1. Within region A:620-664, take every residue that is exposed (fewer than 13 other Cβ atoms within 10 Å of the Cβ) and away from RNA strand B (no atom under 14 Å from the Cβ) and give me the one that is nearest to residue A:395 (Cα to Cα).
2. So is residue A:141 in contact (Cβ under 8 Å) with a residue 60 or more places away in the chain and surrounded by fewer than 17 Cβ atoms within 10 Å (Cβ to Cβ) or not?
3. From the residues in region A:528-560 that are in contact with an Asp or Glu (Cβ under 9 Å, 6 or more places away or on another chain) and closer than 19 Å to residue A:644 by Cα, which one is surrounded by the fewest Cβ atoms within 10 Å (Cβ to Cβ)?
4. Determine the pairs where a residue that is over 13 Å from residue A:684 (Cα atoms), located within region A:632-652, has a partner that is within 11 Å of RNA strand B (Cβ to nearest atom) and acidic (Asp, Glu) with Cβ atoms under 6 Å apart, the partner being 6 or more residues away or on another chain.
5. From the list A:90, A:112, pick out the single residue that is modelled with pLDDT under 95 and buried (at least 23 other Cβ atoms within 10 Å of the Cβ).
6. So residue A:525 ticks every box in (1) within 28 Å of residue A:190 (Cα to Cα); (2) within 16 Å of RNA strand B (Cβ to nearest atom); (3) surrounded by fewer than 19 Cβ atoms within 10 Å (Cβ to Cβ) but one. Which box is left unticked?
7. Would you pick out the residues in region A:1-31 that are within 13 Å of RNA strand B (Cβ to nearest atom) and without any contact (Cβ under 8 Å) to a residue 40 or more places away in the chain?
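The values are calculated or read from the model by the stated rules, or taken from the named source; none is laboratory data. Since this is a predicted model, take the numbers as computed values, not measurements. Note that each Cβ is placed from the backbone with ideal geometry, even for glycine, and that neighbours are counted across all protein chains shown.
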Amino acid sequence: MKEDFDKPYDPKSAEARIYQLWEEGGFFDPDKLKTDKKKKTYSILLPPPNVTGSLHLGHALNATVSDILIRFNRMTGKKTVWLPGIDHAGIATQNVVEKELRKQGTSRYELGREKFIERVWQWKEQYGSIILDQFKRLGASCDWSRLRFTLDEKYADEVLKTFVHYYEKGLIYRGSRVVNWCPRCRTSLSDLEVRHEETKTKLWYIKYPLAIKNAELRMQNYIVVATTRPETMLGDTAVAVNPSDPRYKNLVGQKVILPIQNKKIPIIADRNVDKDFGTGAVKVTPAHSFTDFEIGEKNGLEIVEVIGQDGRMTELAGINFAGLKIDEAREKIVQELEKEGLLEKIEDYNNYVGHCDRCNAVLEQLISPQWFLRMDHLKDFAVKIVRSGKTKIIPKNFEKTYLSWLNNVRDWCISRQIWWGHRLPVYFCEQKTEEFTVSLAKPDKCPICGNCKMKQSEDVLDTWFSSALWPFAALSKKDLQDFYPSQVLITARDIINLWVARMIFSGMEFKSETPFEKTLIHATILTKDGKRMSKSKGTGIDPLILIDNFGADALRFGIIWQSMGNQDIRFDETAVMAGKKFANKIWNATRFVLQNAESKAGGKDSKSKPKTPADKKVLDKLQKAKKSVEKDINSFKFGQALHKVYDFFWHDFCDVYIEKSKKQSGDKTFIFFILLESLKLIHPFMPFVTEEIYQKIKPKGSAKALMIEKWD
RNA sequence: GGGCGUUUAGCUCAGUGGUAGAGCGUUUCAUUGACAUUGAAAAGGUCAGAGGUCCGAUCCCUCUAACGCCCACCA
């Protein structure tokens with residue numbers, strides 16, 4: 001026993017063995033543990049990582065924080081579960097597999113839908129659980145028997161039911177409207193999947209001649225519009241000015257000639273037009289702009305689609321332009337306008353151009369038939385529950401992010417034209433191809449024409465539509481009773497709207513209750529010089545390498561040591577090294593205790609009473625630290641808690657008490673008791689080393705594992 | 001354009017309306033008996049700048065600057 005401690009602590013040999021011990025002991029599964037039925041249950045749902053993902057420091061922070069809460073609460077005797085899962089991550093996963101196919105010289109189109117999906121499943125089987133193994137290496141005490149995947153049959157059922165429910169309630173509708181479109185992924189996107197990037201571009205001032213018969217006069221009478229996208233003018237169906245703009249008052253109602261297309265389009269007045277931008281007159285392209293689409297609807301304008309789903313100009317753009325890429329078309333248009341003397345001037349301009357969040361392609365706004373979830377009713381739920389304080393967002397200032405998004409949200413485009421995901425439970429009639437029926441299963445007989453076989457919609461749902469159901473769709477019927485709502489959702493700030501808000505209104509709609517009592521928005525981990533960590537820039541740090549070098553406990557220590565609140569963390573590796581030293585310190589202190597406290601004393605005897613003043617003092621310090629740590633954990637001050645744990649053990653216990661005990665003779669069972677209590681205190685933060693020690697020194701009759709010891 | 005956050009020791013960060021704290025780093029000394037992944041101690045800060053409130057401000061208020069983040073259909 002004592003000999004085990006002759007060498008320094010070696011995390012590598014201990015961690016895998018200890019994790020196995022926990023898993024095989026069934027200690028992660030609350031149904032296999034004795035729990036205190038009088039206490040409220042405690043549950044956390046793991047934000048399901050993407051199947052495409054590999055562990056980064058953000059996950060490590062999230063998992064460590066969650067694990068501290070779970071381990072702490074489990075030790076207090078509450079029925080506690082941490083439920084893990086994986087997200088199918090529609091576009092992200094599809095893109096990864098497509099990339100692989102490209103390497104093999106083929107494509108999803110060549111394979112066809114069915115074969116392609118098979119390939120993605122294969123890929124999922126191969127890589128799907130890799131990231132979860134990485135969570136295990138961190139020591140995450142998830143109940144793996146409850147693992148869920150968002151495309152599991154049961155989960156998928158729940159998703160489709162939700163769709164049908166919303167549809168029957170009139171909250172889901174189909175419409176041909178302008179959407180964000182990624183020409184690379186060939187799918188629509190929701191507003192939240194658009195990343196705006198500042199782009200240096202030009203503002204072209206183009207003359208639109210008034211439609212006067214006299215050709216000479218025409219060249220002198222024109223209206224100038226300013227645009228960043230001259231190529232879309234091929235689809236213009238009006239010029240708009242602000243109704244209160246005196247410059248254009250007389251022109252409203254007249255017509256101009258759209259250059260190149262040579263077609264008459266009206267000058268209209270619309271309040272959405274900003275008098276101060278450009279010339280105060282704008283071209284209106286209802287097919288390729290959200291604003292213009294609205295203006296077009298109000299004024300009954302014609303819609304001319306000049307950009308296709310492949311991101312190239314369509315035939316409607318004219319024979320000279322059809323098939324050209326956007327920038328080719330732009331260049332050609334500008335040349336032509338110049339030739340005709342219709343270009344007044346060009347200015348430099350900084351614009352925010354929408355990019356695909358997943359593949360970074362420049363997005364187009366174009367019209368396509370899509371499915372939308374009405375937000376007006378659902379958002380009210382989500383606003384109310386947070387305003388009333390029934391769901392708390394911590395830190396509180398993020399409530400502003402949340403509320404301001406909800407208050408300005410547009411209907412959610414939930415359909416995607418990719419293949420990997422939940423296919424819409426919508427069946428179209430083969431005769432009247434625009435008519436459809438919505439139902440969970442394919443109808444035996446077409447209710448529309450009465451005899452066709454019907455064709456299921458090709459579209460799949462936005463991944464976030466299914467993620468939004470996670471808090472209840474991931475739970476079994478029994479678990480719903482025990483664990484809904486969960487106590488706290490722990491996540492990063494960039495998905496407050498994308499995910500948190502949508503979970504909240506989904507939970508309200510289907511369970512009439514918030515899915516979690518609190519949302520904890522944890523810090524973002526940055527590089528040491530304050531830059532965002534990113535794989536592509538090579539600024540990321542791989543947590544697994546840190547675990548290999550220093551041990552999982554050391555990594556957990558290092559991350560939490562720096563987690564003092566919502567302050568973003570500039571990651572400092574020396575904190576991880578400090579963690580490694582601390583693990584070793586605990587190890588060595590144990591060696592000393594074993595050498596001195598000969599009688600390991602039975603479990604009960606170990607609760608000896610303090611005898612000397614030093615005993616009393618260290619006990620007092622321990623109890624104070626414990627109370628303080630409890631308080632900090634419960635208020636999510638993890639860094640503060642860890643500092644106290646560290647201070648107590650290193651300084652009060654080792655530097656003072658152990659040093660003193662060297663000079664103090666007599667009964668030394670008390671020091672053993674303090675050591676055991678310290679292990680409990682440290683365990684939520686550094687589970688491996690504490691468990692490893694506990695397994696070696698635990699008195700007869702004590703718990704099978706430290707992780708299920710009683711906190712008090 | 002709108003919103004938010006940060007600025008304290010060489011580095012990463014705590015903290016308080018009334019002598020400024022930790023880890024790492026640096027310096028000195030100690031130690032062959034738990035641990036050199038050690039112990040004891042020291043040096044090191046006009047708490048971003050300006051103004052205000054107060055007996056007193058690093059802390060509260062206003063402004064400025066730098067950095068960072070989120071949101072956004074002004075073409």
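1. Looking at residues that are exposed (fewer than 13 other Cβ atoms within 10 Å of the Cβ) and away from RNA strand B (no atom under 14 Å from the Cβ), I get A:634.
2. no
3. Residue satisfying both the conditions and the ranking: A:558.
4. Filtered contacts from region A:632-652: A:640/A:632.
5. A:90
6. (3)
7. A:3, A:7, A:10, A:13
Quick grid of which residues meet (1) free of Cβ contacts under 8 Å to residues at least 60 places away in the same chain; (2) more than 41 Å from the chain's Cα centre (by Cα); (3) closer than 30 Å to residue A:508 by Cβ:
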residue	(1), (2), (3)
A:165	no, no, yes
A:212	yes, yes, no
A:227	yes, no, no
A:248	yes, yes, no
A:264	yes, yes, no
A:268	yes, yes, no
